[in-house]
Each structure stands twice: as C-alpha cells, then as structure tokens.
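The values are calculated or read from the model by the stated rules, or taken from the named source; none is laboratory data. This structure is a prediction, so every number in the text was calculated from the model and none was measured. Here the Cβ positions follow ideal geometry from the backbone for every residue, glycine too, while neighbour counts run over all protein chains shown. Calculation scope for accessible area: heavy atoms of the full protein, side chains included, ligands and nucleic acids excluded. Shrake-Rupley method; radii C 1.70, N 1.55, O 1.52, S 1.80 Å.
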Amino acid sequence: MLDKAPNGKVSGLLNALDKALSAGEVEHAVDLFQTDCYWRDLVTFTWNIKTMEGKEQVRDMLKARLADTKPSNWKIADGEDASEADGIIESWIQFETEVARGFGHIRLKDGRIWTLLTTMSELKGHEEPVGFDRPMGAKHGAERNRKTWKEEREAEAAELGYSRQPYCVIVGGGQGGIALAARLRQLNVPTIIVEKNERPGDSWRKRYKSLCLHDPVWYDHLPYLPFPRNWPVFSPKDKIGDWLEMYAKVMELNYWGSTECKKASYDDKSREWTVIVQRHGKEVVLKPKQLVLATGMSAKPNMPKFEGMDIFKGDQHHSSHHPGPDKYKNKKVVVIGSNNSAHDICAALWEAGADVTMVQRSTTHVVKSDSLMELGLAALYSEQAVQSGMTTAKADLIFASLPYKILHEFQIPVYNAIRERDADYYKRLEKAGFLLDYGDDDSGLFMKYLRRGSGYYIDVGASELIANGSIKLKSGVDVKKLTEHFVILSDGTELPADLVVYATGYGSMNGWAADLISREVADNVGKVWGLGSNTTKDPGPWEGEQRNMWKPTQQDGLWFHGGNLHQSRHYSQFLSLQLKARMEGIPTPVYGLQKVHHLS
Ligand SMILES: Cc1cc2nc3c(=O)[nH]c(=O)nc-3n(C[C@H](O)[C@H](O)[C@H](O)COP(=O)(O)OP(=O)(O)OC[C@H]3O[C@@H](n4cnc5c(N)ncnc54)[C@H](O)[C@@H]3O)c2cc1C
C-alpha cells in the first residue's frame, strides 16, 4: 500500500529523483517537478548561486550539469520529519554530489516538487575540523624547540603577505570581510583582510553616534560564535564594533588594520592578482589568486551636487560623516533625505535641542520596528522562534528556500497586515505631509532592500516626531540651491541652516571595482545588487538572484561579498566553499554565469 503520510510522500519522491538522476534520465527527473517549479541551487550543481524557474530551466541545467555532479543518496535529513500544511508538504533533505555533501529543503504540491533548495554543506575530504575532528591545541609528548600556539600565530602573521602569499585577499574588514575570513580560516585557505580603518568594528564605530542596529539579535549572529543569550535585541553600534573586534581576534584572522588597498590588477596568464596596499604607510604588494571586495554596500557615499554648496557658510556633510548632534544644540539643521539615516540623524539632533527640518523628495516606506519584528520576522528570527526550536541555520535556509520570483507574494500579505494594524499611525504621518509608499507592488521593506537597498525607514521613534511636528518636514520638493546661510527648495521655500546633512544614500559596489581595479573591469562585471525586478531603481531584465553577490562574476578571480549581518553569515558559507574548491583544484564549472545588463 502507498504510504500517504508526509514522510512517505517525500521519501517516495526523493527515491524517484535519486533513481532518475543516478540513471542520467533527465526527462524522468523533470517529470517530478510542478510546471511552476523553482530549484534554487547554492553551489552544489551549478558552482553558482542560481534559481532555475520552471521545468525548462531545470531540464537545461540538468542536461549541462548532471553528468559532472553525480548526485546521490537523496533522503529526508537525518533526525527530521516531513510535515504537511495547507496542501504543501515540506521537508529538510540531504544528498551528496561527487565532491560535496549537501543539505536542502523541498516543498511538494500535488505530489510534485514545487520548490527545491540545494546547498553545499561541505567538500568531501575538506571538512571543517569540528566535533571529533577538533584540533588538539596542546601537543602532548616532548619535542625540541617546540613552538607555542602564540609563536605559531606570530610566525604566520610575520610571513603571510611577505615571504608567503595568501590565496585570498579580502578588501574591507567590516562584518562581511570578517565573517568570510572566519570561514576561510576553518577551511585552511590562507587569507588576509586589508582594512583602511585601524581596528575591526571601526566601520560601525565611525557611524553617527545614535545608531543602533535596526535588525534584531536573532538575525545578526556571526558564523560559529552566536551572541550570548543576554545580548541586547538591538545592538548599539559601538557594542557591535567591539564584538567584531573580539571575533576577529578569537577566530584568528589575519586582519591588516590601517591598511588601504590602493590598486589591484589581474594577470590572465598567471591567473593572479597584484594588489598594492599601504600598510601603516608602507607599500606592500600582495599576489593572491582570489580577490574579494567586501568594501560595503553602504560605504560609497552618494554626495549630491547642488549649486551654491561651495559658498554655504555652515557645516555640511554626508550622513556617513555626521559626527552626532552634540555641537548643534539650538542650531538650525536641514537634513536632505528621508530614509533610515535621515530619520535617525533628525531624531538625535532633535533630542540634542537642534531645530531640524527634513527634506523629503519622494515617497518612503516606513514600518514600525515592533510591527516588523512581530509580523515580518518573528516566525524565523525571534525569541519565540528560538523557544519553538528554530535554529539560525534553519531560519536562514527557510528564508533561502523561498524563490525570489515569488517572494513578494509572501511579503504582500505581511505588509497588508501591518498597514491594517498601524492604520492610525500611517494616517497621522500622512497628515503631517509625509509621503508614504509600501514598495512598488506593496511588498514592503524586505523586497525594497533586495531590489534597491534603499527607500525605507524602520521606525524606532523618529516618525512620532514628524507626526507631531517636532521634526519639521518639507515634502515633495527638491533642493534648488544653497546660499551662504540658506537651503532654497524647488517650491521657493528658504530654510535657514547652520548645518546641512546629505542623507542621500550610497553608490553601487561596483564603483569600488572601478576605483581599485579599472573602469573596464567594473563595466565587465556590471551592476552589483538588485534582482532585475523592473521596479524603481532595480531595472529589468529579471536576473533571478542578487547581481554579482557571493558568486562568480564576469571577472575571473573577482568576488563581491557583504550585505546585512544575516547575509554575511549565510552567504559567506557558499563563497568560502567556492574559494576552497578552487584552491584545491576541484573543477568548478560555472553554470549560468550572470550576463551584464547594467553598468552601475
Ligand atoms: C546607518 C546604517 C544602519 C545600518 N543598520 C544595519 C543593521 O541594523 N543591520 C545590518 O545588518 N546592517 C545594517 N546596515 C548596513 C551595514 O552597512 C552593513 O550591514 C554593514 O556595514 C555591511 O558590512 P560590510 O562588511 O559589507 O561593509 P562595511 O561595514 O561598510 O565595511 C567595509 C569596509 O571596507 C573598508 N574599505 C573600503 N575601501 C577600502 C580600501 N580601499 N582599502 C581597505 N579598506 C577599505 C571600509 O573602511 C570598511 O570598513 C546599516 C548601514 C547604515 C549606513
């Protein structure tokens, strides 16, 4: 008799998939998928980060990659059970390829695969030294001239980059560079992080004084070393800075602080980079095989150019250089922009006794932090989720299992519920003149983040100040020009100003490639970030994945890494495995290398 329970259904399907794939029968395998199916692969089949949408794309990928990949042993993951709700059966799964072990997630609809996530957990023969394989630390026995751990670390620090070259150089030692380097250390890939700031964590420390993380602690853990259970929900910026500094030290990273990358060039013949850095004022030339730009999505300020900026007599700076409100008590401040930084800075200035006006050019998506936590994140990243057995790794994988193509469909109801719950709040903001949106298709904050990385404020208090008029607002206007003491707006309003803050956002990460490598390489690589959703600031065509992030680019040996803490944690796993495989000479034929449609 057929087993109708979820476990039986999933096992039955996985057996059929295993059989078809082992026999190289692509058509039989494709028959197991729904017409509207999605197969998201993180490195196992494609050596890429890629979603196959629909049977045709699944078929094409399998035709190209099945013979090499040699998948086997598909089954429900050890210790897990499938479950069924609303007609969808889902389960954690495991499988192997010729070179790796994989973990994943499957959803079945009407007995066929609707979504499939396949991710690489480890390379066979190159597993991380954990559990029974953890290092001894002590060397028992007797040995002449033995070196201590400290001496070995000092010797490595003295050699690497001088008498011995690293395999990988990461430019940028923020949370992205640090998380990736921690994984590469465990995989034994010699790596140097070069960071122009003095200490790990400085990129957070140097931001405006009032900043706390907008994402809650459950979303923010770094690989290997989660925050303790008493860590605050929203980390103050200097505290996260200290955590990163501690982390870089205990994870034994080769972190070159006060070191600026000046130039990098790639030699196609030797397949090697020449990376010129200034370390404590001295030039050092590094020769890695792989170069990772972890220079930050929020690190290349977009500074507008307005007539009269050169004659303005007050202070003016980009939000990234805002020192905090202390010296602006009783001063008149104009903040240009209406996203996160603008709101945080306005609120801190108001608290310090400044007379603040926000200039809002176009609509902004605002969502109350509480509502976002409860309705947007709680199922996966919250204390309740932890209490109900959700782990960070599983939460990340569930998130990853929802195909980008239909992610907005899952998000729209969440933001509709938030709009309903906070209807009065939104009304009050509109009454104050604030221009609101909820995303082009009402899909809210997370889609805006993935599509354009901007256009929102997670409200931690500033919106009330706008609603009650404490922070003054000029909306639907642009800056026309500055005079010696005024900001003149497009509707003719003259705002007196002692300080102008340009909270005008950040440029594309491929600007870093242009600065550090060349315009030609930056153009070959194209725009970084965004999905090609054909919504505001995310032009089509549809790409299906974040452009250029964590995956091979059109430039051999060049990678981009970063994003929020969740993304740095999750995707560093797949980037580190791609780098390790290359170092070990494991063939890594990339399927579906992203085409370039936009330069920046
Ligand atoms: C106001 C604000 C609030 C934010 N809130 C959150 C939040 O709550 N949660 C969250 O996860 N993210 C948040 N972010 C996004 C945040 O920027 C990123 O999550 C995080 O900083 C990205 O880390 P990163 O390592 O990719 O880049 P960064 O932290 O920006 O690090 C990049 C590093 O590269 C270095 N660098 C650049 N060029 C060179 C060079 N040529 N040589 C050497 N070093 C170089 C820089 O000095 C910098 O330290 C926020 C960002 C801003 C601006």
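Being surrounded by fewer than 22 Cβ atoms within 10 Å (Cβ to Cβ), away from the ligand (no atom under 12 Å from the Cβ) and under 26 Å from Trp529 (Cα atoms) holds for only one residue in Glu252, Glu272, and it is Glu272. As a summary of the residue check, Met303 satisfies the conditions (1) assigned to a loop (DSSP other than H, G, I, E, B); (2) open to solvent by less than 10 Å² (accessible area, probe 1.4 Å); (3) in contact with a His (Cβ under 8 Å, 6 or more places away or on another chain) except for the one numbered (2).
Might you let me know whether region 61-75 holds any residue that is open to solvent by less than 20 Å² (accessible area, probe 1.4 Å), more than 27 Å from the chain's Cα centre (by Cα), farther than 21 Å from Leu108 by Cα and among the β-branched types (Val, Ile, Thr)? Looking through region 61-75, at least one residue is open to solvent by less than 20 Å² (accessible area, probe 1.4 Å), more than 27 Å from the chain's Cα centre (by Cα), farther than 21 Å from Leu108 by Cα and among the β-branched types (Val, Ile, Thr).
Counting only strands (runs of 3 or more DSSP E) that fall entirely inside region 37-111 and contain at least 2 residues that are aliphatic (A, V, I, L, M), the qualifying elements are 49-53, 88-96, 100-109.
So if I check each of Glu152, Glu122, Glu127, which one is part of a loop (DSSP other than H, G, I, E, B), open to solvent by 50 Å² or more (accessible area, probe 1.4 Å) and not hydrophobic (A, V, I, L, M, F, W, C)? Write out each step before concluding.
Values: Glu152 fails: part of a loop (DSSP other than H, G, I, E, B); Glu122 fails: part of a loop (DSSP other than H, G, I, E, B).
After ruling out the rest, the residue left standing is Glu127.
Within region 173-186, being open to solvent by less than 10 Å² (accessible area, probe 1.4 Å) and part of a loop (DSSP other than H, G, I, E, B) holds for one residue alone: Gly173. Evaluated against (1) within 30 Å of Trp542 (Cα to Cα); (2) open to solvent by less than 30 Å² (accessible area, probe 1.4 Å); (3) in a loop (DSSP other than H, G, I, E, B), Leu372 falls short on exactly one condition, (3). Being at pLDDT below 95 and more than 10 Å from the ligand (Cβ to nearest atom) is the filter here; which residues of region 335-347 pass it? Across region 335-347, there are no qualifying residues. Taking the conditions exactly as written (polar (S, T, N, Q) and either in contact with a Leu (Cβ under 9 Å, 6 or more places away or on another chain) or open to solvent by 60 Å² or more (accessible area, probe 1.4 Å) (or both)), does Ser470 satisfy them or not? No: the conditions fail for Ser470. Among all residues of region 382-400, there is none that is surrounded by fewer than 21 Cβ atoms within 10 Å (Cβ to Cβ), in contact with a strand residue (DSSP E or B) (Cβ under 7 Å, 6 or more places away or on another chain) and farther than 28 Å from Glu543 by Cβ.
Within region 487-524, being farther than 11 Å from Ser600 by Cα, in contact (Cβ under 8 Å) with a residue 12 or more places away in the chain and among the acidic types (Asp, Glu) holds for Asp491, Asp498.
Among the residues making up region 286-310, those that are out of contact with any Ser or Thr (no Cβ under 7 Å at 6 or more places or on another chain) and more than 15 Å from the ligand (Cβ to nearest atom) are Lys289, Gln290, Lys305, Phe306, Glu307, Met309, Asp310.
Would you confirm, using the coordinates I've provided, whether Ala142 is in contact with a Phe, Trp or Tyr (Cβ under 8 Å, 6 or more places away or on another chain) and either open to solvent by 30 Å² or more (accessible area, probe 1.4 Å) or part of a helix (DSSP H, G or I) (or both)?
no
No other residue among Val10, Val58 is closer than 22 Å to Glu98 by Cβ and among the aliphatic types (A, V, I, L, M) apart from Val58. The listed residues are Leu21, Leu14, Leu32, Leu62, and the only one of them that is among the aliphatic types (A, V, I, L, M) and in contact with a Pro (Cβ under 9 Å, 6 or more places away or on another chain) turns out to be Leu21. For region 322-354, the tally of residues that are outside any helix (DSSP H, G or I) and either open to solvent by less than 10 Å² (accessible area, probe 1.4 Å) or touching a Phe, Trp or Tyr at 6+ places or on another chain (Cβ under 9 Å) (or both) stands at 14.
In a helix (DSSP H, G or I) and either over 30 Å from Lys394 (Cβ atoms) or under 18 Å from the mean Cα position of the chain (by Cα) (or both) - does that describe any residue in region 283-292? No. The residue that is surrounded by the fewest Cβ atoms within 10 Å (Cβ to Cβ), counting only those in region 235-246 that are near the ligand (Cβ under 9 Å from one of its atoms) and more than 15 Å from Gly176 (Cα to Cα), is Lys237.
Could you tell me whether Leu575 is under 22 Å from Leu117 (Cα atoms), at pLDDT 95 or above and either among the acidic types (Asp, Glu) or buried (at least 22 other Cβ atoms within 10 Å of the Cβ) (or both)? Taking the combined requirement at face value, the residue satisfies it.
Of the numbered conditions (1) within 16 Å of the ligand (Cβ to nearest atom); (2) modelled with pLDDT of 95 or more; (3) buried (at least 23 other Cβ atoms within 10 Å of the Cβ); (4) not aliphatic (A, V, I, L, M), Thr504 satisfies every one except a single condition; which is it? Unmet for Thr504, out of (1) within 16 Å of the ligand (Cβ to nearest atom); (2) modelled with pLDDT of 95 or more; (3) buried (at least 23 other Cβ atoms within 10 Å of the Cβ); (4) not aliphatic (A, V, I, L, M): (3).
In region 7-25, what count of residues is obtained for those that are among the charged types (D, E, K, R), in contact with a strand residue (DSSP E or B) (Cβ under 7 Å, 6 or more places away or on another chain) and open to solvent by 50 Å² or more (accessible area, probe 1.4 Å)? Talk me through it step by step, then tell me what you get.
First pass over region 7-25, keeping only residues among the charged types (D, E, K, R): 9, 18-19, 25.
Still in the list and also in contact with a strand residue (DSSP E or B) (Cβ under 7 Å, 6 or more places away or on another chain): 9, 18.
Checking which are open to solvent by 50 Å² or more (accessible area, probe 1.4 Å) leaves us with 9.
Of the residues in region 7-25, 1 are among the charged types (D, E, K, R), in contact with a strand residue (DSSP E or B) (Cβ under 7 Å, 6 or more places away or on another chain) and open to solvent by 50 Å² or more (accessible area, probe 1.4 Å).
Residues of region 176-234 that are within 11 Å of the ligand (Cβ to nearest atom), modelled with pLDDT under 95, touching a His at 6+ places or on another chain (Cβ under 9 Å) and not hydroxyl-bearing (Ser, Thr, Tyr): Lys206, Arg207, Asp215.
In summary, Leu108 fulfils each of the numbered conditions (1) more than 18 Å from Ala16 (Cβ to Cβ); (2) out of contact with any Gly (no Cβ under 9 Å at 6 or more places or on another chain); (3) in contact (Cβ under 8 Å) with a residue 24 or more places away in the chain with the single exception of condition (1).
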